[in-house]
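Since the structure comes first, as structure tokens, the remarks are kept for the end.
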Amino acid sequence: MLTTLRRWLAPARSVPVTRWRARSRWATSPTTLLILLVGLWLFGTGEALLVDSQLGVSPWTVLAEGVDLQTGIGIGWATFFISLTVLLLWIPLRERPGLGTLANAVVIALALGLTAPLLPQPSAVGWQVFEVVGGIALIGLGSGLYLTCGLGPGPRDGWMTGVHQRTGLPVAGVRALIEISVLVAGWALGGTVGVGTVAFALFIGPSVGYGLRLANRIGGTGAALTSADAPATEA
């Protein structure tokens, strides 16, 4: 009984194959496209909650701030070059971009830009903590939805899934390791770290794992995506 309960409550260790998974990273159905857009919008809304909380942003933004401080190129260009570098790390992992990779950059930025001004910017610590927790949860849920669409992950999530598929390490563990490493690098470069940043680095891995588990509960086929499956689902 307890073993079954622990297994049911544990985050997913891998990316499940869902009924809405696309057969190609560049061809999709209306249902798959809708789930992709909903997932990415939830992701962007989660980022907006973190920004609005004023308790610290995600580790990747800390890294971009640190690179900007060291080079003076601006946080926007720093973010661009970091994303480009991460995409280069896809090469040895044999990850390939797709429609979801492009949508990742557009929809998340749009959701963040439209949602952030509508949020109340609370001054009470309780509400700020609530936004941090809610932001991490929404990013995990959004990741679980869009990663199971099979249309290609975003630059950072592609790094995560690529390492997972090549090493067999749990998705949650890989994501947590990446986020903590990025956080340490950004802090060493002078980026600003807050309580929300540390919470994100520690809990985003399990949050993505639970998002994947929920997606599997909703539309899973009972299979898990492995490195052997990847070529068959790519264009």
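Only residues that are buried (at least 16 other Cβ atoms within 10 Å of the Cβ) and not in a helix (DSSP H, G or I) were counted across segment 177-220, and they come to 5. If you go through segment 19-39 and keep only what is over 14 Å from Ala215 (Cα atoms) and among the basic types (Lys, Arg), you end up with Arg23, Arg25. Number of residues in segment 102-156 that are touching a Lys or Arg at 6+ places or on another chain (Cβ under 8 Å) and under 23 Å from Phe81 (Cβ atoms): the value is 1. Here Gly150 fulfils each of the conditions (1) buried (at least 22 other Cβ atoms within 10 Å of the Cβ); (2) at positive phi; (3) at pLDDT below 90; (4) not charged (D, E, K, R) apart from (3). In this entry, Ala105 passes the filter for residues that are surrounded by fewer than 15 Cβ atoms within 10 Å (Cβ to Cβ), of a type in the set (Gly, Ala, Ser) and in a helix (DSSP H, G or I). Residue-level analysis places Trp77 among those that are of a type in the set (Phe, Trp, Tyr) and surrounded by fewer than 17 Cβ atoms within 10 Å (Cβ to Cβ). If you filter segment 147-165 down to residues that are over 13 Å from the mean Cα position of the chain (by Cα) and hydrophobic (A, V, I, L, M, F, W, C), you find that the one that is farthest from Thr101 (Cα to Cα) is Val163. When segment 162-194 is filtered for residues that are closer than 23 Å to Ala78 by Cα and among the hydrophobic types (A, V, I, L, M, F, W, C), the ones remaining, listed by number, are Ala176, Leu177, Ile178, Ile180, Val182, Leu183, Val184, Ala185, Trp187, Ala188, Leu189, Val193. Does Leu110 satisfy the condition of being farther than 21 Å from Ala185 by Cβ, in contact with a strand residue (DSSP E or B) (Cβ under 9 Å, 6 or more places away or on another chain) and either aliphatic (A, V, I, L, M) or exposed (fewer than 14 other Cβ atoms within 10 Å of the Cβ) (or both)? Spelling it out, it is not the case that Leu110 is farther than 21 Å from Ala185 by Cβ, in contact with a strand residue (DSSP E or B) (Cβ under 9 Å, 6 or more places away or on another chain) and either aliphatic (A, V, I, L, M) or exposed (fewer than 14 other Cβ atoms within 10 Å of the Cβ) (or both). Close contacts from segment 48-76, counting a first residue that is charged (D, E, K, R) and a second that is surrounded by fewer than 21 Cβ atoms within 10 Å (Cβ to Cβ), with Cβ to Cβ under 7 Å and a gap of 6+ residues or different chains, come to Asp52/Ala116; Asp52/Leu119; Asp52/Gln121; Glu65/Ile75; Glu65/Thr192; Asp68/Gly74; Asp68/Ile75.
Looking across segment 119-145 at every residue that is assigned to a helix (DSSP H, G or I) and touching an Asp or Glu at 6+ places or on another chain (Cβ under 9 Å), the one that is farthest from Ala12 (Cα to Cα) is identified as Gln128. For segment 114-129, the criterion of being crowded, with 22+ Cβ neighbours inside 10 Å and touching a residue at least 12 places away in the same chain (Cβ under 8 Å) is met by no residue.
What tally of residues in segment 17-38 results from selecting those that are touching a Cys at 6+ places or on another chain (Cβ under 7 Å) and not in a loop (DSSP other than H, G, I, E, B)?
We begin by selecting, within segment 17-38, every residue touching a Cys at 6+ places or on another chain (Cβ under 7 Å); these are 20-22, 32, 35-36.
Checking which are not in a loop (DSSP other than H, G, I, E, B) leaves us with 32, 35-36.
So the count comes out to 3.
The values are calculated or read from the model by the stated rules, or taken from the named source; none is laboratory data. Every value quoted in this text rests on a predicted model; they were computed, and no experiment measured them. Methodologically, a virtual Cβ is constructed for each residue, glycine included, from the backbone with ideal geometry; neighbour enumeration extends over all protein chains shown.
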